[in-house]
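The values are calculated or read from the model by the stated rules, or taken from the named source; none is laboratory data. Treat the numbers as computed from the prediction; the structure is a model and nothing was measured. Here Cβ is always computed from backbone atoms with ideal geometry, including for glycine, and neighbour counts include all displayed protein chains. The protein model used for the area step is the full one, side chains on, heavy atoms only, and it has no ligands, DNA or RNA in it. Shrake-Rupley method; radii C 1.70, N 1.55, O 1.52, S 1.80 Å.
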Amino acid sequence: MFPISLAPSVRSLPRTRSLCSHLNRSYSTKPGRVIFSGIQPTGIVHLGNYLGAISNWVELQNNAKPEDQILFSIVGWHALTLPQNPKVLRTARRDTLAALLAFGIDPKKTVLFHQEDNQCHTELAWILSCITPLGTLRRMTTWKSRLADSRNANSEDDINEGMLNAGLFTYPVLQAADILAYRATHVPVGEDQTQHLELSRDLAKSFNKTFNGKKRFFPVPEQMITPFKRVLSLKDPTSKMSKSSPDPTSRILLTDTYPMIQQKLRGAVTDSNSHISFDPINLRGTANLLSILSACTGETIPNIVARYTGKEKAHGILKMEVADSLEEIWRQPRQDFERLRGETEFLDAVAKEGARKAKDMTQQTMKEVRTLVGLC
Ligand code: AMP
Ligand code: TRP
């Protein structure tokens, strides 16, 4: 389940902090890839978000060809599908933007914007919902795990359709609209998003068939699975690290200081074996720590395991090595984040410019969509 050999060395990723290094590009008619991804503003970014998504986004941004177009969206409408405190959500929107900048997303190289600043997403979502079979949506099961997480349920069996609101049910249609509005060709997301990507692909084909005589209007977007597929909870290695888990010690947040990181790792659940081995099926807690260490340092897992052969108190030492390596990659982004989150005028200006570019990119497509469906 962990393609560990593929885990990227985060240290080796180039990080771009300059916010004014490139000239703006024109986004209208270029060939090349259109890469789109999104993150919900539902709390402080954690290690799972970073290793599973954001580190990959930074790498894609820095290795993009001049003809590629890259968009990263903070998806507030998706956040509303679970209850949110408006005050907290308002802060989380800015914080998520600050976190993406702190990790090296460069708004001069990408279109970095808040989803809800471009109304085209909801317009297209409505149109797509009118060609989405109810049965297909019923087969999407992510709403169950989201509700289970948010309600601290023991299992998805405790969740039933009576708890479901229409927004959460049609969540994947809005996600398809996010992607198709920009005629995106590639979507870098974690494995947990595969079902949603399938629906986006089906809806692109269905729209083309229904309204464009089967000719390609929307490209069929490809999922780019991130190399580090799943960072596990430090407290329950049968589930993924998530923002919604009720136990704050189960995740490492961008705001965590070195002593906090050490404390959380000291408390991480590992296996009772006294020696260290890599077994992601049976010894998940230890495998999770080895994977994180490998991603942070670039050292292969077999090498790390070999270093621990015959060591006394191996788990305790491993945990502190993970804490040290994490601190190495966390220190600078944490400092930048703490500074940036207070620069509200700057953040609002970045968001405004991103919104302008995003709207620009979808204008022509939406005109054509309206014509194709007969609404103008
Ligand atoms: P979310 O916080 O649910 O909006 O997720 C934002 C991105 O982070 C998505 O691409 C997810 O697939 C990824 N992600 C979230 N949690 C994890 C995790 N524990 N391991 C790997 N990727 C994750
Ligand atoms: N559903 C994604 C998640 O939970 C977030 C998201 C919304 C997204 N729209 C998107 C991801 C479009 C990729 C493309 O992580």
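Brief remarks on what is shown
- Counted residues, the range 152-176 - those being among the polar types (S, T, N, Q) and within 14 Å of ligand 2 (Cβ to nearest atom): 2
- With respect to (1) within 16 Å of ligand 1 (Cβ to nearest atom); (2) in contact with a Leu (Cβ under 8 Å, 6 or more places away or on another chain); (3) modelled with pLDDT of 95 or more, the lone exception for Asn62 is condition (1).
- Among residues of the range 42-64 that are within 15 Å of Pro333 (Cα to Cα) and in a loop (DSSP other than H, G, I, E, B), those with a beta-carbon under 6 Å from a residue that is among the hydroxyl-bearing types (Ser, Thr, Tyr) and more than 8 Å from ligand 1 (Cβ to nearest atom) at least six positions away or on a different chain give the pairs Ile44/Thr255.
- Residue match in the range 341-354 (condition: in contact with a Ser or Thr (Cβ under 8 Å, 6 or more places away or on another chain), small (Gly, Ala, Ser) and surrounded by 20 or more Cβ atoms within 10 Å (Cβ to Cβ)): no
- Hey, Leu203 open to solvent by less than 10 Å² (accessible area, probe 1.4 Å), in contact (Cβ under 8 Å) with a residue 40 or more places away in the chain and either within 13 Å of ligand 2 (Cβ to nearest atom) or of a type outside the set (A, V, I, L, M, F, W, C) (or both) or not: yes
- In the range 217-230, the qualifying residues are those that are assigned to a loop (DSSP other than H, G, I, E, B) and modelled with pLDDT of 95 or more, and the one that is nearest to ligand 2 (Cβ to nearest atom) is Pro221.
- Test: residue in the range 179-200 that is under 25 Å from Pro133 (Cβ atoms), within 19 Å of the chain's Cα centre (by Cα), among the aromatic types (Phe, Trp, Tyr) and modelled with pLDDT of 85 or more: yes
- Subset of the range 219-232 that is hydrophobic (A, V, I, L, M, F, W, C) and more than 9 Å from ligand 1 (Cβ to nearest atom) - its residue that is most open to solvent (accessible area, probe 1.4 Å): Ile225
- Of all residues making up the range 52-66, the number that are charged (D, E, K, R) and farther than 12 Å from Pro227 by Cα: 1
- Taking helices (runs of 4 or more DSSP H) as the structural unit, those lying wholly within the range 279-357 and holding at least 3 residues that are over 22 Å from Thr257 (Cβ atoms) correspond to 284-297, 301-308.
- Scan of the range 98-117 for residues that are touching a Gly at 6+ places or on another chain (Cβ under 7 Å) and over 19 Å from Glu343 (Cβ atoms), ordered by number: Val111, Gln115, Glu116
- Residue in the range 233-256 that is open to solvent by 60 Å² or more (accessible area, probe 1.4 Å) and within 11 Å of ligand 1 (Cβ to nearest atom) present: yes
- Lys264 vs. criteria buried (at least 18 other Cβ atoms within 10 Å of the Cβ) and over 24 Å from Thr141 (Cα atoms): yes
- All positions within the range 272-283 that are open to solvent by 40 Å² or more (accessible area, probe 1.4 Å) and touching a residue at least 12 places away in the same chain (Cβ under 8 Å): Asn273, Ser274, His275, Phe278, Ile281
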